[in-house]
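Colleague: Structure provided below as structure tokens; questions to follow.
The values are calculated or read from the model by the stated rules, or taken from the named source; none is laboratory data. All values derive from a computational prediction rather than experimental measurement. Note that we place each Cβ from the backbone using ideal geometry, even for glycine, and neighbour counts take in every protein chain shown.
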């Protein structure tokens, strides 16, 4: 499992990261729309429920469609909390992967540069030692 996650992290690109964040948001919205449509008859049709869920999970909140039943409001509360927590958490994980990748590349570059400088320094010291012997 850990190996699989590591491979997925190595293949992560900006496009895949944006797609992942959008997938989390849309999944939350879809599940909430289905639940809301089932428990709140005043919601209208599924399209209204989906519109409400997308507006809610993105924290836009137009207010043109609202849940009216207690169970609908409970679902809305969970969706609001999920919208303001799951999406930022996913985004921060993606940013963390990119930062870690950049740091690893920088460490590799620094190590190569350090090795090159040490080799040059060694050659200089050898040249100076050879001059001192003559």
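Colleague: Which residues, taken from region 30-57, are assigned to a loop (DSSP other than H, G, I, E, B) and surrounded by 13 or more Cβ atoms within 10 Å (Cβ to Cβ)?
Modeller: Pass one, region 30-57, residues assigned to a loop (DSSP other than H, G, I, E, B): 40, 44-45.
Passing the criteria: 40, 44.
Colleague: Another question, then. If you go through region 22-53, how many residues are touching a helix residue (DSSP H, G or I) at 6+ places or on another chain (Cβ under 6 Å) and either more than 23 Å from residue 91 (Cβ to Cβ) or without any contact (Cβ under 8 Å) to a residue 12 or more places away in the chain (or both)? Steps first, please.
Modeller: Initially, region 22-53 is screened for residues touching a helix residue (DSSP H, G or I) at 6+ places or on another chain (Cβ under 6 Å), giving 24-25, 28-29, 32-33, 35-37, 39-40, 43, 46, 49-50, 53.
Checking the rest, the ones that are also either more than 23 Å from residue 91 (Cβ to Cβ) or without any contact (Cβ under 8 Å) to a residue 12 or more places away in the chain (or both) come to 35-37, 39-40, 43, 46, 49.
So the count comes out to 8.
Colleague: Would you confirm, using the coordinates I've provided, whether residue 34 is modelled with pLDDT of 90 or more and either over 29 Å from the mean Cα position of the chain (by Cα) or within 30 Å of residue 5 (Cβ to Cβ) (or both)? Working first, answer last.
Modeller: Details: modelled with pLDDT of 90 or more: yes; either over 29 Å from the mean Cα position of the chain (by Cα) or within 30 Å of residue 5 (Cβ to Cβ) (or both): yes.
Answer is yes for this residue.
Colleague: While we're here: So which pairs qualify, if the first residue must be in region 99-124 and on the phi > 0 side of the Ramachandran plot, the second must be modelled with pLDDT under 95 and in a helix (DSSP H, G or I), the Cβ gap must be under 9 Å, and the two must be at least 6 apart or on different chains?
Modeller: Every condition considered, no pair remains.
Colleague: Give the residues of region 1-15 that are surrounded by 13 or more Cβ atoms within 10 Å (Cβ to Cβ) and in a helix (DSSP H, G or I), sorted by residue number.
Modeller: Of the residues in region 1-15, the ones surrounded by 13 or more Cβ atoms within 10 Å (Cβ to Cβ) are 9, 12.
Result: 9, single match.
Colleague: Here are the criteria: (1) exposed (fewer than 14 other Cβ atoms within 10 Å of the Cβ); (2) more than 14 Å from the chain's Cα centre (by Cα); (3) in contact (Cβ under 8 Å) with a residue 24 or more places away in the chain. Tell me which single one residue 80 does not satisfy.
Modeller: It is condition (1) that residue 80 fails.
Colleague: What number of residues in region 59-75 are without any contact (Cβ under 8 Å) to a residue 40 or more places away in the chain and surrounded by 13 or more Cβ atoms within 10 Å (Cβ to Cβ)?
Modeller: 8
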